[in-house]
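*Asks:* I am attaching a structure below and will ask some questions about it afterwards.
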Amino acid sequence: MQQTDLESFLPGNLLAYGDAMSMIHALETRMPFLDHRLAEAVGRIPASIRFAQGKKGLLKAVAAKLLPAEIIERPKLGFNPPLGMWLRTDLAAMVDERLDPARLTQLGLDPAPVRALVAEQRNGRRDHALKIWSLLVLEAWDRQAASWGAAS
């Protein structure tokens, strides 16, 4: 399965998309674990050893010689931008413009609950960032779809 991933899914999907997404934002990314010499060396290690302590056991054993235990054992962390703060500050005007009552009605939504979400987000009572972001995406999609219809 790993060989299949190395020969198809990684280059034809994950790496291609990662490269395109990083280039579009002028980012230079590196995939150090995909160095062909490292991949070939690890590929020669029997699976019974590679996976003796789980998927990342071998990696953690090697890293333990170089990094402190709190780094090796900490849980996986994703990159979460401060969306809630942005919706209260830098993106507040866009939220007001794109989610105004007339536009929400046009989208077939009841403006009152949306305004309540936005108000709670703004005053810090609750974090509705993902819901508000989803509404912004819906609004943008509808706007884009309307322009596609106008072009045909």
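Bear in mind these aren't lab numbers, they're just calculated from the coordinates by the rules spelled out. Please read all numbers here as calculations on a predicted model, not as lab measurements. With ideal geometry, Cβ positions are generated from the backbone for all residues, glycine too; neighbour counts draw on all protein chains shown.
*Asks:* Can you tell me how much longer the chain between Leu136 and Leu58 gets when fully stretched, taken as 0.36 nm per residue apart minus their C-alpha distance, in nm with one decimal?
*Replies:* Value of the extension gain: 23.8 nm.
*Asks:* If you don't mind, another one. Efficiency by 1/(1 + (r/R0)^6): what FRET value for Asp100 and Asp127, r their Cβ-Cβ distance, R0 = 25 Å, to the nearest 0.05?
*Replies:* The computed FRET efficiency comes out at 0.70.
*Asks:* For Trp133, Trp148, what ranking results if the residue with the fewest other Cβ atoms within 10 Å of its Cβ goes first?
*Replies:* Ordered by Cβ neighbours within 10 Å, fewest first: Trp148, Trp133.
*Asks:* Express in % the proportion of alpha carbon pairs of the range 45-108 at distances exceeding 15 Å.
*Replies:* In whole percent, the share of Cα-Cα pairs in the range 45-108 beyond 15 Å is 71.
*Asks:* Same structure, new question: Which loop-located chymotrypsin sites (Phe, Trp or Tyr not before Pro) does the range 29-97 contain, where loop means any DSSP state but H, G, I, E or B and the Cβ has at most 11 other Cβ atoms within 10 Å?
*Replies:* Answer by residue number: Phe79.
*Asks:* Let me ask another. Could you state the principal axis extents of the C-alpha atoms in the chain, from the largest down, to the nearest angstrom?
*Replies:* 63, 45, 28
*Asks:* Right, next: Taking K and R as +1 and D and E as -1, what net charge do the other residues with C-beta under 12 Å from the C-beta of Gly149 add up to?
*Replies:* Result for the local shell: 0.
*Asks:* Let me ask another. Which length gain, in nm to one decimal place, applies between Ala92 and Ala20 when the Cα-Cα distance is subtracted from 0.36 nm times their residue separation?
*Replies:* Between Ala92 and Ala20, full extension yields 22.9 nm more.
*Asks:* Of Leu15, Leu67, Leu117, which is the most mobile in a GNM of the chain whose springs link Cα atoms less than 10 angstrom apart?
*Replies:* Comparing Leu15, Leu67, Leu117 in the GNM, the peak value goes to Leu15.
*Asks:* Test of the criteria: in the range 1-72, which GluC sites (Glu not before Pro) are in a DSSP loop and have at most 11 other Cβ atoms within 10 angstrom of their Cβ?
*Replies:* Passing sites in the range 1-72 are Glu28.
*Asks:* Here's another thing I want to ask about it. Evaluate the charge dipole of the range 22-152 about its Cα centre and quote only its size in Debye, nearest 20, assuming +1 on the Cβ of each Lys and Arg and -1 on the Cβ of each Asp and Glu.
*Replies:* Charge dipole, the range 22-152, about its Cα centre: 720 debye, nearest 20.
*Asks:* For the range 49-152, run through the trypsin sites (Lys or Arg not before Pro) and keep only the ones in DSSP coil with at most 16 other Cβ atoms within 10 Å of their Cβ.
*Replies:* Loop-located and lightly packed - Lys55, Lys56, Lys65, Lys76, Arg125, Arg126.
*Asks:* For every other residue with a beta carbon closer than 10 angstrom to the beta carbon of Leu109, add +1 if it is Lys or Arg and -1 if Asp or Glu, then tell me the sum.
*Replies:* -1
*Asks:* For helix 15-24, report the angle its Cα long axis makes with the longest principal axis of the Cα atoms of the chain; keep it between 0 and 90° and round to the nearest 10°.
*Replies:* 50
*Asks:* For the range 83-151, what number results from the quotient of the Cα radius of gyration and 2.2 N^0.38 Å?
*Replies:* Dividing the Cα radius of gyration by 2.2 N^0.38 Å gives 1.12.
*Asks:* Turning to a different aspect of this structure: Measure off 7 Å from each Cα along the Cα-to-Cβ vector at Lys76 and Gln2, then give the distance between these two points in nanometres to one decimal.
*Replies:* 1.7
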